[in-house]
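Derivation of every value follows stated rules applied to the coordinates shown; laboratory data play no part. As the structure is a computational prediction, the values presented were derived from the model and not from experiment. A quick note on method: Cβ atoms are made from the backbone with ideal geometry, for glycine too, and the neighbour counts reach across all protein chains shown.
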Amino acid sequence: MAIGRLCLLGLLVLVVAACTTRYPLGMSESEWLSLSPEQQIDAREREERLNLEAAQQRAEQARQRAEAERREQEALEQRRREAGFGERIQCVLDGAQVRAGSRWEEAHPLGLDLIVGETADFRILERGSATRGGSGQASFDGQLVELCDRAGRHCEVIAGTSRDFQRGVRRQLEIDGLLRGELRCELAEPLPQTGRRR
């Protein structure tokens, strides 16, 4: 009985291996079998070179993306340092809830640091989770703070003058299908400028 099971298992492994046999360079079985052993070796070596080149290209693209993100982040930090009065606002979403299917779940607090003219992506996560939640975009134009879902179909806007935002503005908001809670926004103090001549 045990030998019969072993034979059956061996046969199953062979069938699965035969079904998953893959020939180099996208060749069919008949194309592969028509090659001489030397041509088969050449085909495998060529595929290995192509795979290596593709992996190197993916690594270079990833490096370039990371470099572009780093430069973008540096430019954003520079804009934050150079922002004058009324050009930068900081907002916190307190008592937040995030939409999880058909129910609302408690969410981690959300903090935003926005500069006039910037659109920033944000992610709000369920409390106790590093992955479950939703995402959207936020922007500030000097008088309006706008939070929207990722598609930009559902938005909430907080309006205020520079004086309003300097004192701080609070507002309950709900973005359909994404989040709800109290958003509190204040103008950020300009950062001290260093290394500039007067």
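Annotations for the structure displayed:
- With R₀ set to 41 Å, the beta-carbon distance separating SER129 from THR21 gives a calculated FRET efficiency near 0.45.
- Our estimate of slack between ARG79 and GLU186, defined as 0.36 nm per intervening residue step minus the Cα-Cα distance, is 36.7 nm.
- Taking the longest Cα principal axis of the chain as reference, the axis of helix 2-19 is set at about 70 degrees.
- Reported label for calculated Cα extents along the principal axes in Å given [x] 43, 37, 29; [y] 82, 54, 29; [z] 196, 29, 16: [y]
- Using the Cβ-Cβ distance between SER34 and ALA62 with R0 set to 45 Å, the FRET efficiency from 1/(1 + (r/R0)^6) comes to roughly 0.70.
- Sequence-separation-based contact order of segment 151-191, relative, with Cα cut under 8 Å and 6+ spacing, percent: 36 percent
- Using only side-chain charges placed at the Cβ, +1 for Lys and Arg and -1 for Asp and Glu, the dipole size of the chain relative to its Cα centre rounds to 620 debye.
- Backbone geometry of segment 76-88 corresponds, through the Karplus equation with coefficients 6.51, -1.76 and 1.60 at θ = phi - 60°, to 3J(HN,Hα) couplings of 5, 4, 5, 4, 5, 5, 8, 4, x, 4, x, 9, 9 Hz, x marking Gly and Pro.
- Scalar couplings 3J(HN,Hα) for segment 55-67, obtained by applying the Karplus form with A = 6.51, B = -1.76, C = 1.60 to θ = phi - 60°, are 5, 5, 5, 4, 5, 5, 5, 5, 5, 5, 4, 5, 5 Hz; x denotes Gly and Pro.
- Table column - 3J(HN,Hα) (Hz), segment 163-171, Karplus curve with 6.51, -1.76, 1.60, x for Gly and Pro: 5, 4, 5, 5, 6, x, 10, 10, 7
- In the chain, the DSSP-assigned H stretches of four residues or longer account for a calculated mean residue ellipticity at 222 nm of -13000 deg cm²/dmol, using -39500 (n - 2.57) per stretch and the full residue count as denominator.
- Segment GLU69-ARG163, extension gain: residue separation times 0.36 nm, minus the distance between their alpha carbons: 30.4 nm
- Most mobile listed residue (ARG46, ARG81, ARG123) in the chain, GNM with C-alpha springs under 10 Å: ARG46
- Residue among ARG49, ARG22, ARG103 with the largest mean-square fluctuation in a Gaussian network model of the chain, springs linking Cα atoms under 10 Å: ARG22
- Most mobile of GLU48, GLU74, GLU60 in a GNM of the chain (Cα contacts under 10 Å): GLU48
- Charge tally in the Cβ shell below 14 Å around GLN57, where Lys, Arg are +1 and Asp, Glu are -1, GLN57 excluded: +2
- Amide hydrogen proximity for LEU178: with H placed 1.01 Å from N in the peptide plane, the residues at 5 or more positions away or on another chain lying under 5 Å are ARG99.
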